[in-house]
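Everything below concerns the one structure shown next.
The values are calculated or read from the model by the stated rules, or taken from the named source; none is laboratory data. The model shown is predicted, which means the values in this text are computed figures rather than measured ones. We place every Cβ from the backbone using ideal geometry, glycine too, and count neighbours over all the protein chains shown.
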C-alpha cells in the first residue's frame, strides 16, 4: 500500500485516507481487544503479521516478464510484452489489469544497477487499450498475459535507456479500491538512428569443459583412451551444453576461446574409447558415442574457418592457484610452459587453424602481481582481467577502452564486469532470461552514450562454463546487439591493439585485494606437491622404456588436467583425479620388478646365482642395470668385490634371468641384496634380499677322494701291464715265431724295448719297481740249476717273498731271452 501510494492517481486523496484509517481504527478497537485476549502467544501475532506483509502491496501478485519483442525497438515497430501473473495471497484479486509504464531515461550505468535492485513507481502509464484485463485472479492460479503496443505510443524521446515497468492493478476484499498489487521492472534501449561512433564489442565464446579423460590407456597398439565417465558425450549430444554453444556460436560474431584439452578428448572419442564403470579403473566398458563426437568436431571445424580462435594453455590451468600456492613447489611452472606449447599443436592438428596463444585468462579476471607474473612466465604477453579487479580510480567520466599497458611489456585487456556477469544465475526461468538480456543491452547502450563522440572498445568475458540455458540467453542478447545501432563486432586481437585511454587505470591491484571467495576455491599447495611427485615418478620411469611416448603423452596431459581451473568448487573430485593419475603410474612402474628369491645354497667355493627381472609392460625396457651386493663380502664376494652389476634389457611381457659369479671364503650364511638402477644411478623399484648358505669341502674328504682316484689309476695300470706280460709269454712259447719277429707295425723290437718289457713284468710280479721277482722254471726253463746256485750265493732276506708259481718247464730258455732281476 505504501509503495502503491507513490503513484499519483492510484489511491484516494491524503485527507480521505486519514479519515478512512481513523474510522477503521476506532471501529476495530473493540475487536482488536478481544483478539488480544484470545491470542495464545506473541509468536502467533508475529506470524500473522509476517503473512500479511508477504502478500501486501506490490508483492501480492507475482509478475513475470517472459518475453519482450523486439528487444531493441526501432521506429515503426510494435512492442509485444508477454508474461505470467500469479496471485500469491489467500484472497482473490478482482478487476485486475496488466499495463505498461515507461520511466525517464537512465542517467549513467550505475542508475541501471540501482533500478534493477528496486526503485519507486516512477514513469508514465501507457494505459488506454494497451492493457490485459482479468476479472478475477484466484489464489495460486497462474494466468498468462500479452500486450502489444506501437512504439510511437510509448513516451520515448531522445536516445537512451528507459525503464519499463509491467504493473498489475487490482482490488482485494480487504482493500476494495485500485492499487498496484504487482510489478516487474526491466529496461528498454532506444537508439533509432545509428550512432556516429559505434562501440567495438568483442564477445568471448568459451568452449571449455571439466576434465574427464584419464591417464589410463589400454595395452593395445592404439592405446585406447579411458574416460572417467560418459558425461562429455551428453554435453556433445543434441541439446547438450557444448552442442548448444557450438550451434549458437557459429551464427554469431564472436571470438572462440577453446581449451585444447577438450578438443583432444573429443578427438579421442571419435575412435575407439572406453569408460570406467562407476568411476572405477578396475572395470571399463566400451564407449559408444563416436558418431556424436565426429559430428560435433566436424561442425566446429567448419565454424572456425576464417574466424579468430584463441587457445588457452592445455586444460586451462588455474593461474591464480599456481601463483598463490604452486610457485614454491619445484617444477610447477614447467607444467604451465608445457601446457602452452602443447596448445598450439593440438588446435592446429584438430581444427586446422593457427590459434592465438598469447592470452592468459585468470579465473573471473581477478589479478594481482603474482598472478600476472605467473601468467606471463609461459610466454603470454596479454592478461584477460576484469573491471571489478582492475578498478578505475574515477579520473574518467566514462568507461575506458579494454586494452591498457600494465608494465613489463604486458597488456591487460579489461573485460567489462557488468556485461560479463549479466548471464549468471538460473536462465531456465524465462523471466530471468528476459531481464538479463534487457539489462545487458541497456548497459551496452549506456556504455556508448557515456562518450558518444569517442569510439571505444569493450570486451565481454562471460563465465567459463555457461549452461545450455545461459548460452541461449547470451545468444539472444548478442543477436539483438548485432541488430542494434550502437555496436559493431570485433575480434579480441583488434581490441588488444586498440589505443588505450590516457586516464585509464594501469596499476595492478595488490594481493590483499584478491577476493577471499576465490581464494577459498584454489588448489592447495599439497595438490601441486602431489603433481610434482607424479612427475618425478614419470621421469624415472620413462628413461627405461623403449617407447617413451606411450607414457609421456597420456600422463603429461593428465597432470595438466590436474591443474585445471574447472576444478574450482569441486575439491574432492579434483583430489580423486590426482590420486587416480598417481596410482595408475605407480602401478605401471611396478610392472618392471625383481622376482622374489628364496635362499641359495653353495656347495663349493665358486658358483653362479641367477636373479630374474620381470617386465609385464607391453613394451620393452632398456637402460637398466641390475646390481647384486653382498652384505658380508669377507664371507661371500660377488665378481671381484662386494658387488657386481650387469645391464638388463627385457622385452615386453617377458622375464630375463641375469647370472652373477660368486666366490665363497668361509662357511655360513651371507645376505645378498639385488637392486635395479637406471643408467644415471637412480634406484628403480624395490630391492630384494635373500640369503646364500655356503658349505665348504673339508681336507679329510679331499684326501679320501684323492686316495680313491689313485687306487683307480693303479688298478688300471696293473691291468695294462698284465696284458703286456701275457702277450710276451705267448710270443716266447710260440715255436713258429721267428726270433727276429717284428712288432705289430712291422718294425723289429730293439733290445732296449725287450728289456723294458721284462723289467715291467718283473716289477709287476715283485710288487713294485726296482725289485725283480725270482723266475720259476716255467718262466726260465734253461737255467733252473744256475738260478738255484745264484740263490744259494745270495743272502736270504726276510722280505723276499716265496715263489707263487711251481716249476713246470725244465727246458733251457731260448736264445736271446733276457730276464731282469
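Key figures for this structure:
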{"item": "Filter result (assigned to a loop (DSSP other than H, G, I, E, B) and either in contact with a strand residue (DSSP E or B) (Cβ under 9 Å, 6 or more places away or on another chain) or not assigned by TED's automatic domain parsing to the domain that holds residue 464 (or both)) within segment 376-391", "result": "378, 380, 381, 387, 389, 390"}
{"item": "Given (1) over 30 Å from residue 200 (Cβ atoms); (2) assigned to a helix (DSSP H, G or I), number of the condition residue 263 does not satisfy", "result": "(1)"}
{"item": "Members of segment 597-630 that are surrounded by 14 or more Cβ atoms within 10 Å (Cβ to Cβ) and either touching a helix residue (DSSP H, G or I) at 6+ places or on another chain (Cβ under 7 Å) or outside any strand (DSSP E or B) (or both)", "result": "597, 616, 617, 618, 619, 620"}
{"item": "Unmet criterion (only one of (1) exposed (fewer than 13 other Cβ atoms within 10 Å of the Cβ); (2) not in a strand (DSSP E or B)) for residue 197", "result": "(1)"}
{"item": "Selection within segment 659-695 - more than 30 Å from the chain's Cα centre (by Cα), loosely packed, with under 13 Cβ neighbours inside 10 Å and closer than 11 Å to residue 626 by Cα", "result": "659"}
{"item": "Single match in 147, 180 (criterion: in contact with a helix residue (DSSP H, G or I) (Cβ under 6 Å, 6 or more places away or on another chain) and part of a strand (DSSP E or B))", "result": "180"}
{"item": "Residue match in segment 110-124 (condition: in contact with a strand residue (DSSP E or B) (Cβ under 7 Å, 6 or more places away or on another chain), farther than 30 Å from residue 482 by Cβ and either surrounded by 18 or more Cβ atoms within 10 Å (Cβ to Cβ) or at pLDDT 95 or above (or both))", "result": "yes"}
{"item": "Yes/no for residue 549 being under 19 Å from residue 334 (Cα atoms) and at pLDDT below 95", "result": "yes"}
{"item": "Residue 204 being crowded, with 19+ Cβ neighbours inside 10 Å, closer than 30 Å to residue 307 by Cα and in contact (Cβ under 8 Å) with a residue 40 or more places away in the chain", "result": "yes"}
{"item": "Residue 522 assigned to a loop (DSSP other than H, G, I, E, B), crowded, with 16+ Cβ neighbours inside 10 Å, modelled with pLDDT of 95 or more and within 27 Å of the chain's Cα centre (by Cα)", "result": "yes"}
{"item": "Residue, farthest from the chain's Cα centre (by Cα), within segment 339-372, restricted to residues that are in a helix (DSSP H, G or I) and surrounded by fewer than 16 Cβ atoms within 10 Å (Cβ to Cβ)", "result": "369"}
{"item": "Any hit, segment 211-234, residues being touching a residue at least 12 places away in the same chain (Cβ under 8 Å), more than 18 Å from the chain's Cα centre (by Cα), surrounded by 21 or more Cβ atoms within 10 Å (Cβ to Cβ) and more than 28 Å from residue 548 (Cα to Cα)", "result": "yes"}
{"item": "Some residue of segment 477-485 being surrounded by 17 or more Cβ atoms within 10 Å (Cβ to Cβ), farther than 15 Å from residue 427 by Cβ and under 35 Å from the mean Cα position of the chain (by Cα)", "result": "no"}
{"item": "Residue 656 surrounded by fewer than 16 Cβ atoms within 10 Å (Cβ to Cβ), within 18 Å of residue 592 (Cα to Cα) and under 42 Å from the mean Cα position of the chain (by Cα)", "result": "no"}
{"item": "Qualifying residue in segment 317-336 (condition: assigned to a strand (DSSP E or B), touching a helix residue (DSSP H, G or I) at 6+ places or on another chain (Cβ under 9 Å) and under 25 Å from residue 531 (Cβ atoms))", "result": "yes"}
{"item": "Which listed residue is at pLDDT below 95, surrounded by fewer than 19 Cβ atoms within 10 Å (Cβ to Cβ) and in contact with a strand residue (DSSP E or B) (Cβ under 7 Å, 6 or more places away or on another chain), from 540, 503", "result": "540"}
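Rundown of residues vs (1) assigned to a loop (DSSP other than H, G, I, E, B); (2) outside the structural domain of residue 485 (by TED's automatic domain parsing); (3) in contact with a helix residue (DSSP H, G or I) (Cβ under 8 Å, 6 or more places away or on another chain), yes/no style:
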| site | (1), (2), (3) |
| --- | --- |
| 68 | no, yes, yes |
| 73 | yes, yes, yes |
| 76 | yes, yes, yes |
| 83 | no, yes, yes |
| 94 | no, yes, no |
| 98 | no, yes, no |
| 102 | no, yes, no |
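So that you can scan it fast, the table gives a plain yes or no per residue for (1) over 23 Å from residue 388 (Cα atoms); (2) modelled with pLDDT of 95 or more; (3) not in a loop (DSSP other than H, G, I, E, B); (4) not assigned by TED's automatic domain parsing to the domain that holds residue 253:
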{"residue": "458", "(1), (2), (3), (4)": "no, yes, yes, no"}
{"residue": "466", "(1), (2), (3), (4)": "no, yes, no, no"}
{"residue": "474", "(1), (2), (3), (4)": "no, yes, yes, no"}
{"residue": "479", "(1), (2), (3), (4)": "yes, yes, yes, no"}
{"residue": "494", "(1), (2), (3), (4)": "no, yes, yes, no"}
{"residue": "526", "(1), (2), (3), (4)": "yes, yes, yes, yes"}
